[in-house]
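Just so it is clear, none of the values below were taken in a lab; they were calculated from the coordinates. Predicted, not measured: the structure shown is a model, and the values here were computed from it. Neighbour counts are summed over all protein chains in view; Cβ atoms, including those assigned to glycine, are modelled from backbone coordinates with ideal geometry.
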Amino acid sequence: MTTNRTFTMIKPDAVENGYIGKILDMITEAGFEIKAMKYTRLSQKQAEDFYAVHAERPFYGELVSYMTSGPIVAAILEKDNAVADFRTLIGATDPSEAAEGTVRKAYAESKGRNAVHGSDSDENADIEGKFHFAFEEIH
Ligand code: UDP
Ligand code: MG
């Protein structure tokens, strides 16, 4: 299944540091169209469920507490080749390894507090988008 859509979150560190506008600008300048968007804060259960795939990893507890520490911006984005192109735009998980010109290189604090989420497959983009948005909220 190829939907040409991906799911993103501007994470609590980037919101706290005042980078919402700058990150959205990079995203739209790169050709992504916003299909759904909300400013919200994850509950403990939402963060645990969203990152359930990482439940056995040593950083899981820290990740959940960070992702619930403040508001986020959640969005569904559309573009040809959305998942792969968005991963290229955001850069490596660890900003010290992220390429010049990427969102994480510019705005992430650390490997944990790394400014943005990007889906890793079309299947997960669909699951993650539906996790955050009702059908009527996608335009
Ligand atoms: N993470 C972390 N330490 C690690 C790896 C990941 O704190 O060693 C956090 C980080 O916020 C990352 C998220 O867990 O964005 C999900 O990890 P993943 O490997 O899926 O990285 P991503 O797909 O976000 O680049
Ligand atoms: Mg991932």
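Worth pointing out:
- Candidate lysines for bridging to K105, where Cα separation is under 20 Å - those fewer than 8 sequence places away on the same chain excluded: K11, K22
- Reach of K35 by Cα under 17 Å, taken over lysines that are not fewer than 8 positions away in the same chain: K79, K130
- The slack in the chain from K22 to T40, taken as 0.36 nm per residue of separation less the alpha-carbon distance, amounts to 4.6 nm.
- Computed helical MRE - 222 nm, the chain, DSSP H runs ≥ 4 contributing -39500 (n - 2.57), nearest 500: -10500 deg cm²/dmol
- Calculated FRET efficiency for the pair A30/N124, C-beta based, R₀ 25 Å, to 0.05: 0.80
- For S119, nonlocal amide neighbours, meaning residues 5 or more places apart or on other chains whose placed amide H falls under 5 Å from its own, are F7.
- 5 angstrom amide H check on K35, placed H, neighbours 5+ away: I76, L77, E78
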